[in-house]
Each structure stands twice: as C-alpha cells, then as structure tokens.
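Peer 1: Pasting a structure below so you can have a look.
Coordinate-derived values only; no laboratory data. Note that the coordinates shown come from a computational prediction; the quantities given were computed from them, not determined experimentally. Note: ideal-geometry Cβ built from the backbone for every residue, glycine included; neighbour counts use all protein chains shown.
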Ligand code: NI
C-alpha cells in the first residue's frame, strides 16, 4: 500500500486530528464516525460473517471469550502483510502458553483471489494457529467497514497480476467481549507487541 494510505489510515483511527489529515489527502471521503466520535476512543470492531481457510463459516461470535489479534490484508501483498503477520506470529510464540487465549486472524481484502484454499496455504506459512478469513466481496467490505479498514484496488500492470491493493496496515487487539483493546501500527516493534500481549489479564 502507499505511504499516504498508511498514514491516513493510522491518523484516521485516532480521530480528532485525523479528520484534518484525511481531508488533506484529498483521496478519501471523510467517514461520519470520525465527526461523531467525541470521546477520542476508537470505535473499531463489530459483526462479520466470513469463511475461514478450511471453508467453515465463521462470525465474530465464534471468537467470544478469546482475544482476537486481527489484521486485514491480502495474500499477494509483497511485503507489508508478510511483515505484520510475522510480527503477530513471533509475538505469539514469545508469549508462550498463555497465547492460547489469543486467536490470530488474517482477513482478506482480496476475496477475488484469496479463496479458502489459497488462504490455507498462505496462513500455514506464518503460524499454525493463524486463521485466514475471506468471503464474498460484500462480506469482506462489511467486515472492513466494521474495523475502519481502508482498502482500494489499484491497477498494477507491471506486476505478475493485474492489480494490487492499497490497504491500512494495523493490527487490532480485540478483547474477549469483542471490544477494541488496542492496536499496533506498522512501526510497533515486536518487543512492544509481545509485552502488551503478555500483560493481558
Ligand atoms: Ni498488504
């Protein structure tokens, strides 16, 4: 994804000053939740109905009682997604046994190419417990909207495929009640992510 996309997505998450930054980029409409959010608390998360990498239907209710570490991206992503998923995976390994209460989830924003079969091969390359979620274009759009994730298909004629996808790169930590706990950005170090996960009650 483009740097401006990352920055817009990150400042958009915290609201407030993000409103001005989003407008300045000129390429994104200003979402109404930004202007209506008076507390400064990120309103992230919510229902989704997707299909996992085994082909099973899953919703957010399947993860209640567990922490979710959620990242949106796509399997053809050259480096941003792999590095985020590597951080998630390494952090879980470093947390050790108590990481069992945390479910790592990768949600595709490229349902056209990311079939459950492809997701199965992809997620297994990162972590044995990583769940790969995909679905219809509408289902993925709805999930991304709930998590305030921005993504946009972009023509990429020089690549082996026809297009790439600009997308937010944010790792969300959701609580056992499904509510937003915190997030990690692309610049968050592995140590910081690991310590935060180790500190979970
Ligand atoms: Ni990516």
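Peer 1: What share of all Cα pairs of segment 98-157, in percent, falls into each consecutive 10 Å distance bin?
Peer 2: 21, 44, 30, 4, 0
Peer 1: Next question, about the same structure. FRET efficiency for residue 152 and residue 86, Cβ-Cβ distance as r, R0 = 25 Å, nearest 0.05?
Peer 2: So the FRET efficiency works out to roughly 0.55.
Peer 1: Next up: Using 0.36 nm per residue of separation minus the Cα-Cα distance, give me the extension gain between residue 199 and residue 115 in nm, one decimal.
Peer 2: 26.7 nm
Peer 1: Take residue 101 and residue 179, extend 7 Å from each Cα along the Cα→Cβ direction, and tell me the distance between the two endpoints in nm.
Peer 2: If labels sit at residue 101 and residue 179, their model points lie 1.6 nm apart.
Peer 1: Let me ask something else. Determine which residues of segment 97-116 fall in the zone a paramagnetic label at residue 56 would reach in this model, i.e. backbone nitrogen under 20 Å from the point 7 Å along Cα→Cβ.
Peer 2: 99-108, 115-116
Peer 1: Inverting the mean 1/r over all pairs of different Cα atoms, compute the Kirkwood radius of segment 46-201 and quote it in Å.
Peer 2: Here the Kirkwood hydrodynamic radius works out to 15.6 Å.
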